[in-house]
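Note sheet for the following structure.
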Amino acid sequence: MLFTASSSHRRVGISFAHEGYARVHWFRRLLLPRDVAEFTVNERIQRGVDQTVDSGIMFHLEAIPANLSNLDYRMVIDGLWVTDPLNPITVTRSSGLVESRVPLPERAPIHASAMGLNAVPGAFWFSYKTDPGESITVAGSFNNWDPFMYQMRETSHGLYTLALPLPPGTFQYVFFHRGEWIPDPVNERRRFSLDGRIISEATVP
């Protein structure tokens, strides 16, 4: 879920009820590239000139936990705890604390082929959804975490899949996208690797 605020504020943060308000996530400013003509003189780019311009927006992108029906939160704007001025929905706790709320739609059940379960006889089906035209690979305990061995194929617009023969048993895996190590977003079975990174876990019957 994307939260926004005006960049006219000095600092904006957001804190969530499902985290017990134990952490503040600070917004980032959305910077846009400035027209090259604005810092080019005689076809030469001038050094020391800021090549970006403030869009007027600050933002925070939050992954929504699967078990929530409502997302309750408060914001910190220029040092003050407040409800979200852009969200008219608020709730009041028994303690008197007023929170902003986003009612979440009921999630559709995840089908086996979307969660990487045994959708093809004798094979484990991996799937990952992102922008079209990307390079996605999968690695795990089954190939010594080699990020280049198994390239996924874009089978529909932005959906990448791979059916991989694996022996029965439990294994761990992650996706690699633009060099980033990514646990499976639709698989809630997770654990930590030996070096402390989050990995997904699945079982072949």
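Points worth noting:
- Residues in region 69-80 that are more than 22 Å from the chain's Cα centre (by Cα) and either more than 20 Å from residue 1 (Cβ to Cβ) or outside any strand (DSSP E or B) (or both): 78, 79, 80.
- Complete set of residues in region 151-161 that are touching a residue at least 24 places away in the same chain (Cβ under 8 Å) and either within 12 Å of residue 126 (Cβ to Cβ) or not assigned by TED's automatic domain parsing to the domain that holds residue 132 (or both): 152, 159, 160, 161
- Contact map, region 80-106: residues that are among the aliphatic types (A, V, I, L, M) paired with residues that are not in a strand (DSSP E or B), Cβ distance under 6 Å, separation 6+ or inter-chain. Pairs shown: 98/83; 104/68; 104/69.
- Failed item, numbered, when residue 157 is tested on (1) farther than 26 Å from residue 64 by Cα; (2) surrounded by fewer than 16 Cβ atoms within 10 Å (Cβ to Cβ); (3) not small (Gly, Ala, Ser): (1)
- Output for region 163-177, where each listed residue is at pLDDT below 90 and more than 15 Å from residue 201 (Cβ to Cβ): 163, 164, 165, 167
The values are calculated or read from the model by the stated rules, or taken from the named source; none is laboratory data. Quick caveat: nothing in here was measured; it's all calculated off a predicted structure. All Cβ positions, even for glycine, are placed from backbone atoms using ideal geometry, and neighbour counts span all protein chains on display.
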